[in-house]
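The values are calculated or read from the model by the stated rules, or taken from the named source; none is laboratory data. Computed from a predicted model, the values in this text were never measured in an experiment. Cβ atoms come from the backbone with ideal geometry, glycine included; neighbour counts cover every protein chain shown. Remember, those area values only see protein heavy atoms, side chains included, never the ligands or the DNA or RNA. Shrake-Rupley method; radii C 1.70, N 1.55, O 1.52, S 1.80 Å.
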Amino acid sequence: MITRRFAVVFVVALSWGWWGGPAPAEETFAPEQLEFFENRVRPILVAHCQECHGIEKQESGLALISRESSLTGGTGGPAVVPGKPDESMLIDAVRYDGLEMPPTGRLSDDEIAVLERWVRDGTAWTP
């Protein structure tokens, strides 16, 4: 027989995404954030990242093909932490701070600034 206390704990655990904190709310982004992603961020990801972290190939288990896959990340953890560029592996990698991505050469300062702004603003993504 399930006790009332167990039922309450179970419901709280479910609402908190089991043990990892509150379940994330569906993100909504302003049109200008989505436009920034589409016009400035996506071209960088396509040109410099998705050859190794795309649909066909996911080095280190990382696919940069959707917001969800970027948040989940790969074997090293989440690629991006929305709102926190300094805690995001993608930003560390493009800054050549530890990891050095892309391996073919460092992005321009402008491209890095675009990615930093995108993460700082919450990592908007269009399907």
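Computed quantities for the displayed model
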item	result
The range 79-127: chymotrypsin sites (Phe, Trp or Tyr not before Pro) in DSSP coil with no more than 14 other Cβ atoms inside 10 Å	Y96
Estimated vicinal HN-Hα couplings, Hz - the range 31-45 in sequence order (Karplus 6.51, -1.76, 1.60; Gly, Pro = x)	x, 5, 5, 5, 5, 4, 4, 5, 8, 10, 7, 3, x, 5, 4
Prolate/oblate/rounded label for the range 30-94 (Cα gyration tensor, a/c 1.5)	oblate
G122 long-range amide H proximity, modeled H, under 5 Å	G83
The range 67-127, accessible surface, carbon-and-sulfur percent (1.4 angstrom probe)	52 percent
³J(HN,Hα), Karplus 6.51/-1.76/1.60, whole Hz, each residue of the range 55-63, x for Gly, Pro	5, 7, 9, 10, 4, 6, x, 9, 10
Sparse-neighbourhood loop sites, GluC sites (Glu not before Pro) in the range 48-127 - DSSP loop, at most 12 other Cβ within 10 angstrom	E56
Rounded accessible area per residue of the range 44-127, 1.4 Å, Å²	54 Å²
